[in-house]
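The structure appears below as structure tokens.
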Amino acid sequence: MSTKANKATIREFFEQVWNEGDEAAIDRFVAEDAAGNDPDFGMGREGFKRQWRQWQAAFPDIHFEIEEMVAEGDTVVARWTLTGTHHGPFLGIAPTGRTIRIRGMSLDHLENGVLISGFDGWDNLGLRQQLGIPPVEVAE
């Protein structure tokens, strides 16, 4: 697929899966054995769905705004801003009603228009601060 088509696929992935909350779209966009960089997020399509459900329950108005995209071959990098309101349990804390705004980026590899692997980097500390979660202590 062309880089233009791959960028369009990633844009549609964010729109349908995250912004519209369409769980069925995950089957269209994510390979069954998709790999990722965050073992806590889960591996494969089913692991993705488990985490997606948690985010959707915690932030029912979750929204990703794509700020910038770069593509080369079957690789697409999207820089985004995530917003949402904390209305469900998340990371072991009860709903706070707080609005979050987190910046991050996703580097995704596609094969025939399907995500086969992804690497996400985002402001996890900022998320915790905005939700009022104490910082994790690091052993010296």
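The values are calculated or read from the model by the stated rules, or taken from the named source; none is laboratory data. Small disclaimer: the values here were computed from a predicted structure and weren't measured. Quick reminder, even Gly has a Cβ in these numbers, built from the backbone with ideal geometry, and neighbours come from all protein chains shown. Keep in mind that these areas ignore ligands, DNA and RNA; they rest on the heavy atoms of the full protein, side chains included. Shrake-Rupley method; radii C 1.70, N 1.55, O 1.52, S 1.80 Å.
Label point of Ala35 set 7 angstrom out along Cα-Cβ; within region 101-140, amide nitrogens under 18 Å from it belong to 106-121.
The local environment of Thr83, defined by Cβ-Cβ distances under 11 Å, has a net charge of 0 under the rule Lys, Arg +1 and Asp, Glu -1. Spin-label model, Gln130/Glu20: points 7 Å from Cα along the beta carbon direction are separated by 2.4 nm. For Thr75 and Leu107, the difference between the fully extended length at 0.36 nm per residue and the C-alpha to C-alpha distance is 10.8 nm. Computed from point charges on the beta carbon alone (+1 for Lys and Arg, -1 for Asp and Glu), the dipole magnitude for the chain about its Cα centre is near 380 Debye. Remark: region 1-113 carries 53 Å² of accessible area per residue (probe radius 1.4 Å; ligands, DNA and RNA excluded). The overall shape of region 67-140, judged from the alpha-carbon gyration tensor, is prolate: a/c is not under 1.5, and a/b is greater than b/c. The per residue volume of the convex hull around the alpha-carbon atoms of region 9-125 is 92 Å³. Apolar share of the accessible surface for the chain: 51 percent from carbon plus sulfur atoms, 1.4 Å probe.
Classify region 1-58 as rounded, prolate or oblate from the Cα gyration tensor: take a ≥ b ≥ c as the square roots of its eigenvalues, call it rounded if a/c is under 1.5, otherwise prolate when a/b beats b/c and oblate if not. The shape class here is oblate. Each label point was placed 7 Å from the Cα along the Cα-to-Cβ direction; for Glu68 and Arg50 their separation is 3.5 nm.
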